[in-house]
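The values are calculated or read from the model by the stated rules, or taken from the named source; none is laboratory data. In this text the structure is predicted, and so the values were computed from the model without any measurement. Ligands, DNA and RNA are stripped out before the accessible areas are found, and what is left, the full protein with its side chains, is counted by its heavy atoms. Shrake-Rupley method; radii C 1.70, N 1.55, O 1.52, S 1.80 Å.
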Amino acid sequence: MPDGREDVTVKVLTNINQVPAAEWDACAGANNPFTSYGFLHALEDSGSVSAKVGWQPQHMVVEDADGKVAACVPLYLKSHSYGEYIFDWGWAEAYERAGGEYYPKLQSAVPFTPATGPRLLVREDQPAELANVLITGMIQLAQQHKVSSVHVTFPTETQWDLLGDAGFLKRVGKQFHWQNHGYETFDDFLGALAS
């Protein structure tokens, strides 16, 4: 059984087509369609995600000693903050007023999808510690690109804590979700309100 000390190789992919779909999906699992190969491929194939529109793929994969993908992370070099549902325009403005260039930034996210889910994707039969290899790889890639920052948006709480342990600032946000409790009409919904 792997224990995290095996030789691994970290690669950056500029297109999701550079990894076999089955290997990516073995890491992503079946519980979150937004990190699936099919979803991410559709975004790239349609042109919704590309360097031209400010979402330059920089997906990171960790290959085991046999060359199979053991872990991966959807990752983008961003030239703006559109489509993230994290409104960091104030951060960008403050950073630039202080003399820095906020963009580009490195972003691990599911484009245009503010759904919480795993971002550090580790194959089930691999050691969970490979998530730390992905974190280290993202930091090193950010340094290579000389970007202002690395962002991981809408991770699971476990991954949020892991990123915090690695020195990432832990953003706290609130989401409000409407649920239909059997309302057949808008008037039914309004009638259930207290005031």
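Could you give the accessible area per residue of the stretch 38-145, probe 1.4 Å, as a whole number in Å²?
45 Å²
Mind counting lysine pairs for me in the chain? Cα separation below 29 Å, and the two need to be 8 or more apart along the chain or on different chains.
19
Using Cα atoms only, what is the angle between the long axis of helix 130-145 and the major principal axis of the chain, expressed in degrees (0 to 90) to the nearest 10?
It works out to around 90 degrees.
If I compute solvent accessible area with a 1.4 Å probe over the protein chains, what percent of it on the chain is carbon and sulfur?
Taking all protein chains in place, the chain shows 53 percent carbon and sulfur surface.
Tell me, what HN-Hα J-couplings in whole Hz come from the Karplus equation 6.51 cos²θ - 1.76 cosθ + 1.60 at θ = phi - 60° for each residue of the stretch 150-162, using x for Gly and Pro?
10, 10, 10, 9, 6, x, 5, 4, 4, 6, 4, 5, 4
Heavy-atom accessible area of S50 with all protein chains present, probe 1.4 Å, nearest 10 Å²?
That residue has around 30 Å² of solvent-accessible surface.
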